[in-house]
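Below is one structure, written out as C-alpha coordinates; comments come after it.
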Amino acid sequence: MSARHLLQAPHRLMFFIGAGNVLLAMLWWAAWLTAQYSGGWRMPEIAVPPGWLHAFLMQYLVLPSFIFGFLLTVFPRWMGLPDLPRWRYLPVGAGLMGGQLAILLSTLGWDAGFTVGLWMALAGWLAGVGTLGRLLLRDTARTWHARSCFAALLLGCIGLVCFLVFVLTGDAWYAFASIKLGGVVMLLPIYLTVAHRMFPFFAANAVPGYKPWRPMAWLGTVWGLLLVHLLLELRHAYPWLWLPDAALLIASSVALWHWWPRGRMPGLLAVLFVGTAWLPITFALYTAQSVIYLLTGEFVLGRAPMHAMFIGFFGSVLVAMVTRVTQGHSGRPLKMPALAWFAFAALQAVAVMRVVAEIAPDALFWQVASAIGWLLALLPWVARIGRIYLSPRADGRPG
(Lines give C-alpha, C1' and ligand atoms only; values in the text may rest on other atoms or scores of the structure.)
Protein backbone atom coordinates (compact mmCIF):
# COMPACT_ATOMS: atom_id res chain seq x y z
CA MET A 1 0.00 0.00 0.00
CA SER A 2 1.20 3.50 -0.79
CA ALA A 3 -0.29 7.00 -0.70
CA ARG A 4 0.98 7.60 -4.24
CA HIS A 5 -1.85 5.42 -5.55
CA LEU A 6 -4.32 8.06 -4.33
CA LEU A 7 -3.08 10.39 -7.07
CA GLN A 8 -3.81 8.03 -9.95
CA ALA A 9 -7.51 8.94 -10.36
CA PRO A 10 -9.93 11.54 -8.94
CA HIS A 11 -12.18 8.95 -7.34
CA ARG A 12 -9.25 7.35 -5.47
CA LEU A 13 -8.25 10.58 -3.76
CA MET A 14 -11.72 12.01 -3.18
CA PHE A 15 -13.33 8.75 -2.01
CA PHE A 16 -10.42 8.23 0.40
CA ILE A 17 -10.96 11.74 1.74
CA GLY A 18 -14.71 11.17 1.93
CA ALA A 19 -14.18 7.96 3.86
CA GLY A 20 -12.04 9.80 6.39
CA ASN A 21 -14.37 12.76 6.56
CA VAL A 22 -17.48 10.68 7.21
CA LEU A 23 -15.90 8.85 10.15
CA LEU A 24 -14.37 11.98 11.70
CA ALA A 25 -17.56 14.03 11.34
CA MET A 26 -19.72 11.31 12.88
CA LEU A 27 -17.19 10.56 15.61
CA TRP A 28 -17.38 14.19 16.74
CA TRP A 29 -21.19 14.19 16.52
CA ALA A 30 -21.52 10.92 18.43
CA ALA A 31 -19.17 12.26 21.12
CA TRP A 32 -21.17 15.48 21.44
CA LEU A 33 -24.52 13.66 21.65
CA THR A 34 -23.13 11.17 24.17
CA ALA A 35 -21.78 14.00 26.32
CA GLN A 36 -25.21 15.68 26.28
CA TYR A 37 -26.98 12.46 27.18
CA SER A 38 -24.64 11.08 29.83
CA GLY A 39 -23.35 14.28 31.39
CA GLY A 40 -20.08 12.42 31.96
CA TRP A 41 -17.97 15.10 30.28
CA ARG A 42 -18.30 18.47 28.59
CA MET A 43 -17.42 19.20 25.00
CA PRO A 44 -15.69 22.56 24.38
CA GLU A 45 -17.92 25.47 23.39
CA ILE A 46 -18.00 26.13 19.64
CA ALA A 47 -18.82 29.11 17.47
CA VAL A 48 -22.17 27.80 16.17
CA PRO A 49 -24.93 25.53 17.49
CA PRO A 50 -23.61 21.94 17.28
CA GLY A 51 -26.65 20.67 15.35
CA TRP A 52 -26.09 23.28 12.65
CA LEU A 53 -22.41 22.38 12.44
CA HIS A 54 -23.33 18.70 12.10
CA ALA A 55 -25.66 19.55 9.21
CA PHE A 56 -23.01 21.75 7.57
CA LEU A 57 -20.27 19.11 7.78
CA MET A 58 -22.43 16.35 6.32
CA GLN A 59 -23.86 18.49 3.52
CA TYR A 60 -20.83 20.50 2.42
CA LEU A 61 -17.76 18.42 3.34
CA VAL A 62 -18.63 14.74 3.85
CA LEU A 63 -21.00 13.89 0.98
CA PRO A 64 -19.42 16.38 -1.48
CA SER A 65 -16.07 14.60 -1.07
CA PHE A 66 -17.64 11.56 -2.70
CA ILE A 67 -19.68 13.64 -5.15
CA PHE A 68 -16.68 15.55 -6.48
CA GLY A 69 -14.75 12.29 -6.73
CA PHE A 70 -17.51 10.78 -8.86
CA LEU A 71 -18.18 13.83 -11.04
CA LEU A 72 -14.50 14.61 -11.65
CA THR A 73 -14.20 11.02 -12.91
CA VAL A 74 -17.38 10.75 -15.02
CA PHE A 75 -17.72 14.26 -16.50
CA PRO A 76 -14.87 13.66 -19.01
CA ARG A 77 -16.33 10.25 -19.88
CA TRP A 78 -19.86 11.55 -20.34
CA MET A 79 -18.49 14.23 -22.68
CA GLY A 80 -15.87 12.17 -24.51
CA LEU A 81 -12.99 14.25 -23.12
CA PRO A 82 -9.58 13.19 -21.74
CA ASP A 83 -9.26 12.28 -18.06
CA LEU A 84 -8.31 15.14 -15.76
CA PRO A 85 -4.67 15.66 -14.73
CA ARG A 86 -4.04 15.31 -11.02
CA TRP A 87 -3.34 19.01 -10.48
CA ARG A 88 -7.02 19.62 -11.29
CA TYR A 89 -8.38 17.48 -8.46
CA LEU A 90 -5.66 17.76 -5.81
CA PRO A 91 -6.81 21.26 -4.71
CA VAL A 92 -10.38 19.99 -4.34
CA GLY A 93 -9.26 17.22 -2.01
CA ALA A 94 -6.97 19.52 -0.05
CA GLY A 95 -9.77 22.03 0.50
CA LEU A 96 -12.39 19.52 1.60
CA MET A 97 -10.13 17.46 3.84
CA GLY A 98 -8.17 20.40 5.24
CA GLY A 99 -11.36 22.36 5.78
CA GLN A 100 -13.03 19.63 7.77
CA LEU A 101 -9.92 18.90 9.85
CA ALA A 102 -9.54 22.58 10.74
CA ILE A 103 -13.23 22.87 11.68
CA LEU A 104 -13.10 19.75 13.84
CA LEU A 105 -9.94 21.02 15.53
CA SER A 106 -11.88 24.18 16.35
CA THR A 107 -14.37 22.03 18.28
CA LEU A 108 -11.43 20.90 20.45
CA GLY A 109 -10.35 24.43 21.30
CA TRP A 110 -8.51 25.89 18.27
CA ASP A 111 -10.76 28.92 17.78
CA ALA A 112 -9.14 30.14 14.57
CA GLY A 113 -9.63 26.72 13.01
CA PHE A 114 -13.30 27.36 12.36
CA THR A 115 -12.72 30.35 10.10
CA VAL A 116 -9.67 28.72 8.50
CA GLY A 117 -11.71 25.59 7.78
CA LEU A 118 -14.59 27.48 6.20
CA TRP A 119 -12.30 29.34 3.82
CA MET A 120 -10.45 26.12 2.94
CA ALA A 121 -13.76 24.40 2.24
CA LEU A 122 -14.85 27.26 0.00
CA ALA A 123 -11.52 27.13 -1.86
CA GLY A 124 -11.89 23.39 -2.43
CA TRP A 125 -15.45 23.83 -3.66
CA LEU A 126 -14.48 26.61 -6.06
CA ALA A 127 -11.62 24.50 -7.42
CA GLY A 128 -13.99 21.60 -8.07
CA VAL A 129 -16.77 23.70 -9.58
CA GLY A 130 -14.26 25.62 -11.70
CA THR A 131 -12.79 22.42 -13.12
CA LEU A 132 -16.20 20.92 -13.89
CA GLY A 133 -17.30 24.23 -15.41
CA ARG A 134 -14.34 24.20 -17.80
CA LEU A 135 -15.34 20.73 -18.93
CA LEU A 136 -18.89 21.92 -19.58
CA LEU A 137 -17.59 24.73 -21.77
CA ARG A 138 -15.89 22.09 -23.92
CA ASP A 139 -18.97 19.85 -24.05
CA THR A 140 -20.34 19.89 -27.60
CA ALA A 141 -22.96 17.18 -26.92
CA ARG A 142 -24.98 19.27 -24.42
CA THR A 143 -24.88 16.57 -21.76
CA TRP A 144 -27.95 17.48 -19.72
CA HIS A 145 -27.13 15.21 -16.80
CA ALA A 146 -23.81 17.01 -16.40
CA ARG A 147 -25.57 20.38 -16.60
CA SER A 148 -28.06 19.29 -13.95
CA CYS A 149 -25.29 18.24 -11.57
CA PHE A 150 -23.39 21.45 -12.23
CA ALA A 151 -26.46 23.60 -11.54
CA ALA A 152 -26.89 21.81 -8.21
CA LEU A 153 -23.23 22.44 -7.34
CA LEU A 154 -23.67 26.15 -8.09
CA LEU A 155 -26.57 26.24 -5.66
CA GLY A 156 -24.34 24.39 -3.21
CA CYS A 157 -21.74 27.15 -3.55
CA ILE A 158 -24.43 29.67 -2.63
CA GLY A 159 -25.33 27.56 0.40
CA LEU A 160 -21.69 27.38 1.49
CA VAL A 161 -21.35 31.16 1.16
CA CYS A 162 -24.57 31.57 3.17
CA PHE A 163 -23.03 29.64 6.05
CA LEU A 164 -19.92 31.79 5.87
CA VAL A 165 -22.11 34.92 5.95
CA PHE A 166 -23.89 33.52 9.01
CA VAL A 167 -20.57 33.03 10.80
CA LEU A 168 -19.39 36.56 9.90
CA THR A 169 -22.66 38.37 10.71
CA GLY A 170 -24.45 36.17 13.23
CA ASP A 171 -27.67 36.31 11.18
CA ALA A 172 -29.25 32.88 11.75
CA TRP A 173 -31.37 33.11 8.58
CA TYR A 174 -28.26 32.49 6.50
CA ALA A 175 -27.51 29.27 8.42
CA PHE A 176 -31.09 28.16 7.88
CA ALA A 177 -30.84 28.96 4.16
CA SER A 178 -27.51 27.13 3.91
CA ILE A 179 -28.93 23.94 5.42
CA LYS A 180 -32.00 24.02 3.16
CA LEU A 181 -29.97 24.76 0.02
CA GLY A 182 -27.55 21.94 0.79
CA GLY A 183 -30.11 19.19 1.19
CA VAL A 184 -32.99 20.16 -1.08
CA VAL A 185 -31.40 21.71 -4.19
CA MET A 186 -27.79 20.54 -4.03
CA LEU A 187 -27.51 16.97 -2.75
CA LEU A 188 -30.93 15.69 -3.77
CA PRO A 189 -30.79 16.85 -7.43
CA ILE A 190 -27.29 15.41 -7.82
CA TYR A 191 -28.33 12.05 -6.42
CA LEU A 192 -31.45 11.98 -8.59
CA THR A 193 -29.58 13.07 -11.71
CA VAL A 194 -27.00 10.31 -11.27
CA ALA A 195 -29.76 7.79 -10.56
CA HIS A 196 -31.69 8.93 -13.65
CA ARG A 197 -28.67 8.45 -15.87
CA MET A 198 -26.88 5.48 -14.34
CA PHE A 199 -29.39 3.16 -12.62
CA PRO A 200 -31.32 2.19 -15.78
CA PHE A 201 -27.97 1.77 -17.57
CA PHE A 202 -26.67 -0.58 -14.87
CA ALA A 203 -29.94 -2.56 -14.87
CA ALA A 204 -29.99 -2.91 -18.67
CA ASN A 205 -26.52 -4.46 -18.53
CA ALA A 206 -27.46 -6.97 -15.82
CA VAL A 207 -31.13 -7.92 -16.31
CA PRO A 208 -32.26 -9.47 -19.64
CA GLY A 209 -35.19 -7.68 -21.24
CA TYR A 210 -34.91 -4.60 -19.01
CA LYS A 211 -36.15 -1.40 -20.67
CA PRO A 212 -34.41 1.77 -19.45
CA TRP A 213 -36.70 4.63 -18.40
CA ARG A 214 -34.99 8.04 -18.48
CA PRO A 215 -37.35 10.82 -19.64
CA MET A 216 -35.73 14.22 -19.26
CA ALA A 217 -39.16 15.71 -18.55
CA TRP A 218 -39.24 13.76 -15.30
CA LEU A 219 -35.91 15.21 -14.20
CA GLY A 220 -37.00 18.73 -15.14
CA THR A 221 -40.27 18.34 -13.23
CA VAL A 222 -38.46 17.14 -10.12
CA TRP A 223 -36.09 20.11 -10.33
CA GLY A 224 -39.06 22.49 -10.46
CA LEU A 225 -40.79 20.84 -7.50
CA LEU A 226 -37.62 20.93 -5.40
CA LEU A 227 -37.20 24.64 -6.10
CA VAL A 228 -40.82 25.25 -5.03
CA HIS A 229 -40.16 23.28 -1.84
CA LEU A 230 -37.06 25.38 -1.16
CA LEU A 231 -38.87 28.69 -1.68
CA LEU A 232 -41.70 27.65 0.64
CA GLU A 233 -39.19 26.59 3.31
CA LEU A 234 -37.26 29.86 3.05
CA ARG A 235 -40.50 31.80 3.45
CA HIS A 236 -41.60 29.54 6.33
CA ALA A 237 -44.76 28.66 4.40
CA TYR A 238 -44.86 25.24 6.05
CA PRO A 239 -48.64 24.62 5.72
CA TRP A 240 -48.22 24.53 1.93
CA LEU A 241 -45.20 22.27 1.67
CA TRP A 242 -47.53 19.33 1.13
CA LEU A 243 -48.23 20.61 -2.40
CA PRO A 244 -44.73 20.08 -3.85
CA ASP A 245 -44.00 17.20 -1.46
CA ALA A 246 -47.06 15.19 -2.49
CA ALA A 247 -46.07 15.73 -6.12
CA LEU A 248 -42.51 14.63 -5.32
CA LEU A 249 -43.93 11.54 -3.58
CA ILE A 250 -45.75 10.66 -6.79
CA ALA A 251 -42.75 11.47 -9.01
CA SER A 252 -40.32 9.41 -6.92
CA SER A 253 -42.76 6.48 -6.73
CA VAL A 254 -43.24 6.53 -10.50
CA ALA A 255 -39.49 6.54 -11.08
CA LEU A 256 -38.91 3.71 -8.62
CA TRP A 257 -41.64 1.66 -10.31
CA HIS A 258 -40.09 2.15 -13.75
CA TRP A 259 -36.50 1.69 -12.62
CA TRP A 260 -36.98 -1.42 -10.49
CA PRO A 261 -36.08 -4.53 -12.53
CA ARG A 262 -38.77 -7.21 -12.66
CA GLY A 263 -36.30 -10.06 -13.11
CA ARG A 264 -33.61 -11.48 -10.90
CA MET A 265 -30.77 -9.02 -10.29
CA PRO A 266 -27.34 -9.16 -8.68
CA GLY A 267 -26.90 -7.74 -5.20
CA LEU A 268 -24.74 -4.82 -6.38
CA LEU A 269 -27.71 -3.68 -8.47
CA ALA A 270 -30.43 -4.48 -5.94
CA VAL A 271 -28.93 -2.22 -3.26
CA LEU A 272 -29.28 0.79 -5.58
CA PHE A 273 -33.04 0.32 -5.81
CA VAL A 274 -33.53 -0.62 -2.17
CA GLY A 275 -31.72 2.59 -1.25
CA THR A 276 -33.84 4.58 -3.71
CA ALA A 277 -36.99 3.20 -2.07
CA TRP A 278 -36.22 5.54 0.83
CA LEU A 279 -37.07 8.50 -1.39
CA PRO A 280 -40.86 7.91 -1.55
CA ILE A 281 -40.71 7.21 2.20
CA THR A 282 -38.98 10.58 2.66
CA PHE A 283 -41.63 12.51 0.76
CA ALA A 284 -44.45 10.59 2.41
CA LEU A 285 -43.06 11.77 5.76
CA TYR A 286 -42.58 15.34 4.48
CA THR A 287 -46.16 15.38 3.15
CA ALA A 288 -47.58 14.02 6.40
CA GLN A 289 -45.52 16.58 8.36
CA SER A 290 -46.92 19.47 6.35
CA VAL A 291 -50.54 18.26 6.43
CA ILE A 292 -50.39 17.79 10.20
CA TYR A 293 -48.87 21.27 10.55
CA LEU A 294 -51.64 22.70 8.38
CA LEU A 295 -54.25 21.13 10.69
CA THR A 296 -52.59 21.57 14.10
CA GLY A 297 -49.71 24.05 13.76
CA GLU A 298 -47.25 21.45 15.18
CA PHE A 299 -44.19 19.69 13.72
CA VAL A 300 -44.95 16.29 15.21
CA LEU A 301 -42.39 14.43 13.08
CA GLY A 302 -39.51 16.81 13.78
CA ARG A 303 -36.47 15.97 11.66
CA ALA A 304 -37.68 12.47 10.78
CA PRO A 305 -38.25 13.27 7.06
CA MET A 306 -34.80 14.85 6.78
CA HIS A 307 -33.06 11.83 8.29
CA ALA A 308 -35.05 9.41 6.13
CA MET A 309 -33.51 11.29 3.22
CA PHE A 310 -29.99 11.70 4.61
CA ILE A 311 -29.43 8.30 6.20
CA GLY A 312 -31.95 6.17 4.31
CA PHE A 313 -31.55 7.55 0.79
CA PHE A 314 -28.21 9.39 0.72
CA GLY A 315 -26.43 6.93 3.03
CA SER A 316 -27.71 3.76 1.37
CA VAL A 317 -27.06 4.94 -2.18
CA LEU A 318 -23.64 6.23 -1.11
CA VAL A 319 -22.60 2.77 0.07
CA ALA A 320 -24.09 1.15 -3.04
CA MET A 321 -22.52 3.53 -5.58
CA VAL A 322 -19.12 3.88 -3.90
CA THR A 323 -18.89 0.10 -3.62
CA ARG A 324 -19.77 -0.29 -7.30
CA VAL A 325 -17.26 2.33 -8.46
CA THR A 326 -14.57 0.96 -6.15
CA GLN A 327 -15.05 -2.63 -7.32
CA GLY A 328 -15.14 -1.75 -11.00
CA HIS A 329 -12.32 0.81 -11.05
CA SER A 330 -9.98 -1.35 -8.97
CA GLY A 331 -10.20 -4.34 -11.30
CA ARG A 332 -12.33 -6.40 -8.89
CA PRO A 333 -15.53 -8.34 -9.62
CA LEU A 334 -18.75 -6.32 -9.76
CA LYS A 335 -20.33 -7.81 -6.66
CA MET A 336 -21.21 -6.74 -3.13
CA PRO A 337 -18.46 -7.82 -0.70
CA ALA A 338 -19.51 -9.01 2.74
CA LEU A 339 -18.44 -5.77 4.48
CA ALA A 340 -20.47 -3.72 2.00
CA TRP A 341 -23.53 -5.88 2.72
CA PHE A 342 -22.99 -5.33 6.43
CA ALA A 343 -22.70 -1.55 5.99
CA PHE A 344 -25.78 -1.38 3.79
CA ALA A 345 -27.96 -3.55 6.02
CA ALA A 346 -26.83 -1.77 9.18
CA LEU A 347 -27.62 1.62 7.64
CA GLN A 348 -31.19 0.49 7.06
CA ALA A 349 -31.52 -0.17 10.79
CA VAL A 350 -29.81 3.14 11.65
CA ALA A 351 -32.16 5.05 9.35
CA VAL A 352 -35.23 3.50 10.97
CA MET A 353 -33.77 4.17 14.42
CA ARG A 354 -33.10 7.84 13.64
CA VAL A 355 -36.57 8.39 12.14
CA VAL A 356 -38.26 6.77 15.13
CA ALA A 357 -36.09 8.85 17.50
CA GLU A 358 -38.15 11.93 16.63
CA ILE A 359 -41.28 10.44 18.22
CA ALA A 360 -39.69 8.12 20.80
CA PRO A 361 -40.06 8.93 24.54
CA ASP A 362 -36.28 9.13 25.09
CA ALA A 363 -35.35 10.89 21.84
CA LEU A 364 -31.77 11.81 22.79
CA PHE A 365 -30.93 8.20 23.65
CA TRP A 366 -32.01 7.06 20.20
CA GLN A 367 -30.07 9.87 18.59
CA VAL A 368 -26.95 8.70 20.43
CA ALA A 369 -27.64 5.10 19.44
CA SER A 370 -28.12 5.99 15.78
CA ALA A 371 -24.91 8.07 15.68
CA ILE A 372 -22.91 5.22 17.19
CA GLY A 373 -24.72 2.79 14.89
CA TRP A 374 -23.66 4.87 11.88
CA LEU A 375 -20.00 4.57 12.96
CA LEU A 376 -20.26 0.83 13.58
CA ALA A 377 -21.99 0.32 10.23
CA LEU A 378 -19.43 2.20 8.15
CA LEU A 379 -16.12 1.60 9.94
CA PRO A 380 -15.35 -1.88 8.48
CA TRP A 381 -16.51 -0.79 5.01
CA VAL A 382 -14.38 2.37 5.14
CA ALA A 383 -11.32 0.36 6.25
CA ARG A 384 -11.76 -1.98 3.27
CA ILE A 385 -12.20 0.68 0.59
CA GLY A 386 -9.39 2.74 2.12
CA ARG A 387 -6.97 -0.14 1.63
CA ILE A 388 -8.13 -0.50 -1.98
CA TYR A 389 -7.45 3.17 -2.78
CA LEU A 390 -3.94 2.80 -1.34
CA SER A 391 -3.21 -0.26 -3.47
CA PRO A 392 -2.69 -0.85 -7.20
CA ARG A 393 -5.52 -2.24 -9.31
CA ALA A 394 -6.07 -5.96 -8.87
CA ASP A 395 -5.89 -6.52 -12.62
CA GLY A 396 -2.61 -4.61 -13.05
CA ARG A 397 -4.12 -1.91 -15.24
CA PRO A 398 -3.43 1.78 -14.61
CA GLY A 399 -6.00 3.95 -12.82
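Sequentially through segment 218-226, phi angles give Karplus couplings (6.51, -1.76, 1.60; θ = phi - 60°) of 5, 5, x, 5, 4, 4, x, 5, 5 Hz, Gly and Pro residues having no value and appearing as x. Near Phe199: Cβ cut-off under 14 Å, other residues only, Lys/Arg at +1 and Asp/Glu at -1. The net charge is +4. Within segment 169-243, report the trypsin sites (Lys or Arg not before Pro) that DSSP leaves as loop and that have at most 16 other Cβ atoms within 10 Å. Those that pass, being in a loop and sparsely packed, are Arg235.
Nearest 500 deg cm²/dmol is fine: what mean residue ellipticity at 222 nm does the chain get from its DSSP H runs of n ≥ 4 alone, each adding -39,500 (n - 2.57), divided by its residue count?
Working: 16 runs with 286 residues, N = 399.
Value at 222 nm, helices only: -24000 deg cm²/dmol.
Taken over the C-alpha atoms, segment 200-334 has Rg and Dmax values of 17.1, 56 angstrom. Eigen-decomposition of the gyration tensor built on the alpha-carbon atoms of segment 224-304 gives equivalent ellipsoid semi-axes of 30, 13, 10 angstrom, largest listed first.
What per residue convex hull volume, in Å³, comes out for segment 335-399 when only alpha-carbon positions are used? Per residue, the Cα convex hull of segment 335-399 comes to 87 Å³.
Evaluating 6.51 cos²θ - 1.76 cosθ + 1.60 at θ = phi - 60° for every residue in segment 16-22, the Karplus couplings come out as 4, 5, x, 4, x, 4, 5 Hz, glycine and proline recorded as x. As a ratio to 2.2 N^0.38 Å, the alpha-carbon radius of gyration computed for segment 144-261 takes the value 1.22.
The simple Förster model, with R0 at 25 Å and r as the Cβ-Cβ distance, assigns Ile158 and Trp240 a FRET efficiency of 0.60. Note on segment 137-185: Cα Rg divided by 2.2 N^0.38 Å, N the number of residues, gives 1.44.
Accessible area per residue for segment 288-387 is 40 Å², calculated with a 1.4 Å probe on protein heavy atoms, without ligands, DNA or RNA. Before anything else, pin down the relative contact order of segment 91-224: Cα pairs under 8 Å, at least 6 apart, normalised by residue count, whole percent. Worked out over segment 91-224, it gives 17 percent.
Report the Stokes-Einstein translational diffusion coefficient (µm² s⁻¹, integer) for segment 247-399, Rh taken as the Kirkwood radius over Cα pairs, at 4 °C with viscosity 1.567 mPa s. Translational diffusion coefficient: 76 µm²/s.
Under a plain spin-label model, where a point goes 7 Å from the Cα along Cα-to-Cβ, how far apart in nm are Asp171 and Ala47? About 1.8 nm separates the two model spin labels. Using bins of 5 Å that start at zero, the share of Cα-Cα pairs per bin across segment 273-334 amounts to 4, 19, 19, 16, 12, 10, 7, 5, 4, 3, 1, 0, in whole %.
Our summary of shape: the Cα atoms of segment 70-154 have principal axis extents of 50, 24, 16 Å, ordered from largest down, in whole angstrom.
A convex hull fitted around the alpha carbon atoms of the chain yields 141 Å³ per residue. Listed values for segment 161-174 are Karplus-derived 3J(HN,Hα) couplings in whole Hz (6.51 cos²θ - 1.76 cosθ + 1.60, θ = phi - 60°), namely 5, 4, 5, 5, 4, 4, 5, 6, 10, x, 7, 5, 4, 5, and x replaces Gly and Pro.
Report the percentage of all Cα-Cα pairs in segment 1-72 whose separation exceeds 20 Å, rounded to a whole percent. Before the final figure, lay out the partial values.
Details: 1085 of 2556 pairs.
Pairs farther apart than 20 Å: 42 percent.
Give me the net charge of Tyr89's neighbourhood, meaning all other residues with Cβ under 13 Å from the Cβ of Tyr89; Lys, Arg count +1, Asp, Glu -1. It would help to have the intermediate numbers written out before the result.
Details: positive: Arg12, Arg86, Arg88, Arg134; negative: Asp83.
Residues near Tyr89 contribute +3 overall.
Label separation (Leu136 vs Arg264): 4.4 nm, computed from points 7 Å beyond Cα along the C-beta direction. Summarising the label geometry, the points placed 7 Å from Cα in the beta-carbon direction at Tyr37 and Leu7 lie 4.3 nm from one another.
The values are calculated or read from the model by the stated rules, or taken from the named source; none is laboratory data. What you see is a predicted model; the values in this text were computed from it and never measured. Positions of Cβ are backbone-derived with ideal geometry, glycine not excepted, and every protein chain shown enters the neighbour counts. Just so you know, the surface numbers come from the protein's heavy atoms only, side chains and all, with ligands and any DNA or RNA stripped out. Shrake-Rupley method; radii C 1.70, N 1.55, O 1.52, S 1.80 Å.
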